[in-house]
């Protein structure tokens, strides 16, 4: 999120910080229409700045630990239009770690959107980790070993259901996944 926020500030004259992003619906945060917000996000995803996003602290170590015990897949809300750059980013930071990448196309103008829960069901995922409460909710009754909601300003007030767990670090994730 910090790279997207910095990009938005540079391109659109805002002064946002990650903590200002109180909603997953970014159009509520930046005060422009959903359509305009999605145009801005797509412009960011098409830019070289997307490659400036670094993995979260502890992610590499945790994923290395998990891949020894589990088959790992990525489910991203991104549009499949960004498959090449997404795969390039994954190869840069996590070469030969993930068995597959699934694009949910959540805001795609051309591809059919799918819920992350439907994708979890399709691939037989046992655990889902996400920072969107709605994505975690869609996986709630699908993933047998539970769903993990990564703490973020936009989800901090969400009430979790049984089988949902809040995590604040990759260390927490490794501790929670059997």
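Tabulated values for the structure
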| quantity | calculated |
| --- | --- |
| Residues 120, 139, sorted so that the one with the fewest Cβ neighbours within 10 Å comes first | 120, 139 |
| Helix-only [θ]222 nm of the chain, DSSP H runs n ≥ 4, -39500 (n - 2.57) each, per residue, nearest 500 | -11000 deg cm²/dmol |
| Hull shadow area, averaged, segment 2-52 [alpha-carbon convex hull, nm²] | 3.2 nm² |
| Separation in nanometres of the label points that stand 7 Å from Cα toward Cβ, at residue 162 and residue 54 | 4.2 nm |
| Cα long-axis angle, helix 34-46 against the chain (0 to 90 degrees, to the nearest 10) | 70 degrees |
| Kirkwood Rh in Å, taken over segment 107-160 so that all alpha-carbon pairs contribute | 11.7 Å |
| Rounded tilt (10° steps) of 83-93 against the dominant C-alpha axis of the chain | 60 degrees |
| Dimensions (Å) - segment 20-83, Cα atoms, principal axes, largest first | 44, 27, 20 |
| Debye log10 I(q)/I(0) for the chain, one point scatterer per Cα, at q = 0.10, 0.14, 0.17, 0.20 Å⁻¹ | -0.40, -0.82, -1.28, -1.76 |
| Contact order relative to length of the chain, as percent, for alpha carbon pairs under 8 angstrom and 6 or more apart | 18 percent |
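A short reminder: the numbers here are calculations on the coordinates, not readings from a lab. All values reported here derive from a predicted model rather than from experimental measurement. Virtual Cβ from ideal backbone geometry, glycine too; neighbours counted across all protein chains shown.
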